[in-house]
Amino acid sequence: MYNYTVKSPVGTILLKSDGDAITGLYFTDDGYKPPEDAALEIFIRCESELTEYFAGTRHTFSVKTKNAGTDFMERCWRRLLAIPYGETRSYKDIAEEIGNPKAVRAVGGANNKNNISIIYPCHRVIGKDGGLTGYGGGLWRKEWLLNHEKSAVYGKVTNPPTNTSGSRSSRPKRTGG
């Protein structure tokens, strides 16, 4: 397993790779510095795509990933990839979309086990009332990422549109320019 760190507007990001694909994307405390390996091509590509994402010019990622989990987790993670940039879905929406409407908590558990945040955009999943709920990187990062995406798509957001599933979008506060 190889490690590489990237600076971002939401702090240091730790990338992990098996040498072939990205296997982890984690937020770290700025003081944490794991042993860093050579800048593998996969890390350089991922860093470039993250830079574009944070600039607001990349809405999907093409870097190769391996996010290993159970069949259920992988179904949930594929649904994360289907949530459009700048939109949100509730845990209930995801459960219904994978054909298991009673699996709301299990969807939350699968989100919690997502090893490749941002690329697998678990930050786009919110409570059914539109409120922000759990995020491994901290709720302040979840809010920042949602604000960033909505601002890039809609400009200054005061009343974000309702997503296509009918659930309320989160109502982020504008945090910058």
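The values are calculated or read from the model by the stated rules, or taken from the named source; none is laboratory data. Treat the numbers as computed from the prediction; the structure is a model and nothing was measured. Methodologically, a virtual Cβ is constructed for each residue, glycine included, from the backbone with ideal geometry; neighbour enumeration extends over all protein chains shown.
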Query raised in the report: Among all residue pairs at least 6 apart or on different chains, which show Cβ distances below 7 Å where the first residue, located in region 51-62, is under 12 Å from ILE118 (Cα atoms) and the second is exposed (fewer than 14 other Cβ atoms within 10 Å of the Cβ)?
Result: PHE54/PRO9; ARG58/GLU52
Report summary line: Of TYR91, TYR26, the only residue that is in the same structural domain as LEU146 (by TED's automatic domain parsing), touching a Gly at 6+ places or on another chain (Cβ under 9 Å) and within 18 Å of SER117 (Cβ to Cβ) is TYR91
Requested in this report: Check off (1) in a helix (DSSP H, G or I); (2) of a type outside the set (A, V, I, L, M, F, W, C); (3) over 26 Å from GLU143 (Cα atoms) for GLU52 and give me the number that stays unchecked.
Outcome: (3)
**Report entry** Residue list for region 1-13, filter: in a strand (DSSP E or B), more than 14 Å from the chain's Cα centre (by Cα) and among the aliphatic types (A, V, I, L, M)
**Finding:** VAL6
Query raised in the report: Counting only residues that are surrounded by 14 or more Cβ atoms within 10 Å (Cβ to Cβ) and in a loop (DSSP other than H, G, I, E, B), how many does region 67-111 have?
Result: 11
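Which of the residues spanning region 21-30 are over 12 Å from GLU47 (Cβ atoms) and modelled with pLDDT of 95 or more?
Applying the first criterion (over 12 Å from GLU47 (Cβ atoms)) to region 21-30 yields 21, 23-24, 26-30.
Answer for region 21-30, where residues must be over 12 Å from GLU47 (Cβ atoms) and modelled with pLDDT of 95 or more: ALA21, THR23, GLY24.
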Query raised in the report: Going by the conditions given, is ALA39 surrounded by fewer than 19 Cβ atoms within 10 Å (Cβ to Cβ) and hydrophobic (A, V, I, L, M, F, W, C)?
Result: yes
Report summary line: The residue from TYR2, TYR91 that alone is among the aromatic types (Phe, Trp, Tyr) and under 19 Å from GLY127 (Cα atoms) is TYR91
Query raised in the report: How do the pairs read when you match residues in region 117-130 that are closer than 12 Å to ILE83 by Cα and in contact (Cβ under 8 Å) with a residue 12 or more places away in the chain with residues anywhere that are among the charged types (D, E, K, R) and part of a loop (DSSP other than H, G, I, E, B), using Cβ under 8 Å and keeping only pairs 6 or more apart or on different chains?
Result: ARG124/GLU87
